[in-house]
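Shown next, in structure tokens, is the structure this report addresses.
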Amino acid sequence: QQPVQSPQAVILREGEDAVINCSSSKALYSVHWYRQKHGEAPVFLMILLKGGEQKGHDKISASFNEKKQQSSLYLTASQLSYSGTYFCGTEIPSNTGKLIFGQGTTLQVKP
Amino acid sequence: DTGVSQNPRHKITKRGQNVTFRCDPISEHNRLYWYRQTLGQGPEFLTYFQNEAQLEKSRLLSDRFSAERPKGSFSTLEIQRTEQGDSAMYLCASAETEAFFGQGTRLTVV
């Protein structure tokens, strides 16, 4: 039931792009993306509802393919501040808002 | 809006002792969640409140765990007879649509 994230880890240079994928075996109502830095709380990035919409702010965007039960997070022109662990949280249709999180993707951006 | 607040931030306890954590959610949020996170893993769902009603509890949660949310405001999570396997970060989140997490309580059972 836990979504699978890929890759597990990414190392980038500043200015490079990255894509993080999240795949579920269950039909999804929504996908939530978070970034967590070491020793800190997960910070909400964005939510995608079923319908195949794409969202974004600044240089971070995401897509959700409801039919494939997959979501992707796109990081463009990465900055040092993007370093951290990215989690996707998947919500199945239940109206509780309960999230099942993937195992995380660790992103390290180097100067 | 001061965000989600959790206390204490750190707790070290001896095996077999009881511990209680507190979560103060964002005031206008009706939904409150408890998650547990161990090193290198994503947060794992424990339980969910809609106002004061506890509507879902993880099947993985043993009877030693109990949570309350009196009057639909703050929430407490109690672990009785702690075991070393309970050592983890306990995260609280509140939500209208997207969930906002508190800083967590790191529990170490020795």
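What the protein assembly as shown shows is 50 Å² of accessible area per residue, with the surface traced by a 1.4 Å probe over protein heavy atoms. Looking at chain B alone, DSSP beta bridges between its own residues are antiparallel in about 90 percent of cases. Note on segment A:1-86: semi-axes of the ellipsoid equivalent to its C-alpha gyration tensor, largest first and rounded to whole Å, are 22, 14, 12. Ellipsoid semi-axes for chain B, based on the Cα gyration tensor and the rule √(5λ), read 22, 14, 13 Å when sorted largest first. What would the Debye equation give as log₁₀ I(q)/I(0) for segment B:1-44 at q = 0.15, 0.25, 0.26, 0.30 Å⁻¹, counting only Cα atoms as equal point scatterers? Here log10 of I(q) over I(0) equals -0.54, -1.09, -1.11, -1.16. Farthest toward the positive end of the dipole of the protein assembly as shown, out of A:GLY97, B:GLN84, A:PRO7, is the Cα of B:GLN84, where the dipole comes from beta carbon charges about the Cα centre. Which of B:GLY72, B:GLY40, B:GLY16 moves most in a GNM of chain B, Cα contacts under 10 Å? Of B:GLY72, B:GLY40, B:GLY16, the Gaussian network model singles out B:GLY40 as fluctuating most.
Of A:HIS32, B:HIS10, the order by accessible heavy-atom surface (1.4 Å probe, DNA, RNA and ligands excluded), from most exposed downward, is B:HIS10, A:HIS32. Computed about the Cα centre, the dipole magnitude for segment B:29-99 is approximately 80 debye when only Lys and Arg (+1) and Asp and Glu (-1) carry charge, each at its Cβ.
For the set A:TYR74, B:TYR90, solvent exposure ranked by accessible area (probe 1.4 Å, protein chains only) runs largest to smallest as A:TYR74, B:TYR90.
A probe of 1.4 angstrom, applied to the heavy atoms of all protein chains, finds A:GLU91 with accessible area near 10 square angstrom. Summing Cβ point charges (Lys, Arg +1; Asp, Glu -1) relative to the Cα centre of segment A:1-45 gives a dipole of roughly 180 debye. Size descriptors for the protein assembly as shown: radius of gyration and Dmax over Cα atoms are 17.5, 51 Å. Using a probe of 1.4 Å, the accessible surface attributed to B:ARG106 totals some 100 Å² when neighbouring protein chains are kept in position. For B:ASP63, the accessible surface of its heavy atoms amounts to roughly 140 Å² (probe 1.4 Å, protein chains only, rounded to the nearest 10).
Using a 1.4 angstrom probe on heavy atoms only, work out the carbon and sulfur share of the accessible area of segment A:1-104 in %.
The nonpolar share, carbon plus sulfur, comes to 48 percent.
The values are calculated or read from the model by the stated rules, or taken from the named source; none is laboratory data. Since the structure is predicted, the reported quantities are computational estimates derived from the model, not experimental observations. Positions of Cβ are backbone-derived with ideal geometry, glycine not excepted, and every protein chain shown enters the neighbour counts. Areas reflect the complete protein model, heavy atoms only, side chains present, ligands, DNA and RNA absent. Shrake-Rupley method; radii C 1.70, N 1.55, O 1.52, S 1.80 Å.
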